[in-house]
1. Among LYS365/LYS492; LYS354/LYS489; LYS457/LYS518; LYS359/LYS403, which pairs are too far apart, with a Cα-Cα distance over 28 Å?
2. Tell me which DSSP H helices of the chain clear both cut-offs, 15 Å or more of axial length from alpha-carbon atoms and a mean Kyte-Doolittle hydropathy of at least -1.0.
3. Using θ = phi - 60° and the Karplus curve 6.51 cos²θ - 1.76 cosθ + 1.60, what whole-Hz ³J(HN,Hα) does each residue of segment 186-200 get, with Gly and Pro shown as x?
4. Where does the charge balance sit around GLY143 when Lys and Arg score +1, Asp and Glu -1, over other residues with C-beta under 12 Å from its C-beta?
5. Just flag the GluC sites (Glu not before Pro) in segment 401-432 sitting in loop per DSSP whose Cβ has no more than 16 other Cβ atoms within 10 Å.
6. Using a Förster distance of 51 Å, how high is the FRET efficiency between GLU165 and GLU255, based on the Cβ-Cβ distance and rounded to 0.05?
7. Express the C-alpha Rg of segment 161-224 as a ratio against the empirical globular expectation 2.2 N^0.38 Å, rounded to two decimals.
8. Which order results if THR89, THR232 are arranged by neighbouring Cβ count within 10 Å, fewest first?
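What follows is calculated from the coordinates using simple rules that are stated; it is not laboratory data. Fair warning: this is a prediction, and the values are worked out from it, not measured in the lab. Heads up, the Cβs are rebuilt from the backbone with ideal geometry, glycines too, and the neighbour counts pull from every protein chain shown.
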Amino acid sequence: MGNMKKYIIILTALFLSILSCTNKKTIDENTIYVNLGAEPKTIDPALNITLQGSTYVTHLFECLTTKYKDIAIQPGAAESWDISEDGLTYIFHLRTNGKWSDGKPLTAKDFEYSWKRVVDPNTASEPSYLFEPILNFSNVNAGYMPVDEFGIKALNDYTLEVKLEYPTAYFLELVNLPVFSPVRKDMVEKNPDNWTRDPKTCIGNGAFMLKERKPDESITVVKNTNYWGADTIVAERIKFVLMDNPNSAVAGVKEGSLHFSDQFPYQDVDTLREEGLIDIATRIGTQYYALNTTNETLKDKRVRKALSLAIDRNYIVDNIIKSGKPAGALVPWGVTDVEGYFRDNAGEYISTNKADYQKNVEEAKRLMAEAGYPNGEGFPVLEFYLTFSNDIPMFEAVQNMWKENLGIDVKLTQMEFAPFIHAFRTERNYTMAAASWTGSYNDPTTFLGMFVSYSYKNHSLFTNQAFDEAISIASKTTDQNIRMRELHKAEKILIEDEAVIIPIAYFEPAVLKSPKLKDVFYIPFAQYKFSYSYLEK
């Protein structure tokens, strides 16, 4: 066995050496090489649901509003807008010099088509729920009303009218999200299922245009000279290398075939930081474990609470992921409240104080015994699902904590990304799973709203009338004090009362970045932005 291990190590080293030599011959010094994981399921703005996919979309397309280098909303495809006094009508004035990457004019009709395509039930768009504030969304999306009744209308080539069901304080944040991107009707209809895979049909209005796409290998984009703000764009060419291999990503950055990756072994972060290869990305989100609340064992909230209390979050943050903060709730640090920050004002529903961990464990044992599983007796072996290799060390640590503290066994099932998403989000055919959520906009509803009983994102299959009512009130009032009061109430129900999920850590994600790569911008509620990036010579 010892000789076999040595043989494998030698072969691996040889492979990386060959890869290195090959890459050095093919590296273009004017290209930024980026790795955000394996082949994305889609980069169609109407269908994408991943952070990685959002990064591709936002380089190829531009919404009415945008974020350039920070959290602030700025004019994008729209140069200005007007809002009615009652907050129910938005008039967007598009730039008259806005163009598609093939030079054709970008018009308000393009946005009308694109948004109606998203909410059309035939599109089956998972992120369509983000259009909920717009007039008649629910009835149109459910097929009860024709798509033409949806509350968006092109008044002329450069004026777009949007009518809302209720005032939405964060609406300008919403329309900055990738799913609100315009797409070209003629291109989509040429090849409805694969139009984003061919540079001839993947026509966008963003700062970059698709140059080449090789399945399971790369996505290459180049500066779009027809973009209205092309003069401000620094990067000329970006090649997104498609792979899910953290060790190869590290090797690539070290020898120069990669400049950026969000994939690397967590356990190596200290060494990589010392080598100057780690950057901290500003991203507002939470890592958590999802629980299927309809599972025969997990439908007992005492069991769910016990599983959560038995986890030493400080150990995970300090020794495994080595970034972020221990999480005792869902809404992360950085989301604002009426005054100050939501998390500051609410505190943590699960104590993350190191001195309280043993008390948490004792309470977990008491709850398990009360639920009928003293010292884990009679507790079934539960199955835990994950997809990313980087999540395995954290799971193994938690697996040991559950065994030592509660006397229970949990087995791991690792799945490829596409079937994992299908089981987790579409079929809800899982028991427990590794999950995370990055906020789409600066409001607690971007986190809490996914657990309302009717949300497609409600992967826990959680149903609670009081929770739904709190979210409903918060969504429809313009009084910020009432909104935040109801959202605090909703989070308390979710975490403290019902233990629907197991929060683990608030993001402060480390990324792998070459010292040569400058001016990567991390949009806190969105994506990585390479538009202004360059390589230091």
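1. LYS457/LYS518
2. On the way: long enough: 2-26 (36 Å, 0.57); 108-119 (17 Å, -0.78); 357-370 (20 Å, -1.26); 392-406 (20 Å, -0.20); 465-476 (17 Å, 0.10); 480-492 (18 Å, -1.69).
Both cut-offs are met by 2-26, 108-119, 392-406, 465-476.
3. Working through the residues one at a time gives 5, 6, 4, 6, 5, 8, x, 8, 9, 4, 7, 8, 10, x, 6 Hz.
4. On the way: positive: none; negative: ASP120, GLU149.
Cβ neighbours under 12 Å give a net charge of -2.
5. GLU416, GLU427
6. 0.40
7. Working: Rg = 15.3 Å, N = 64, 2.2 N^0.38 = 10.7 Å.
Output field value: 1.43.
8. Details: THR89 15, THR232 11.
Ordered from fewest to most neighbouring Cβ atoms within 10 Å, THR89, THR232 come out as THR232, THR89.
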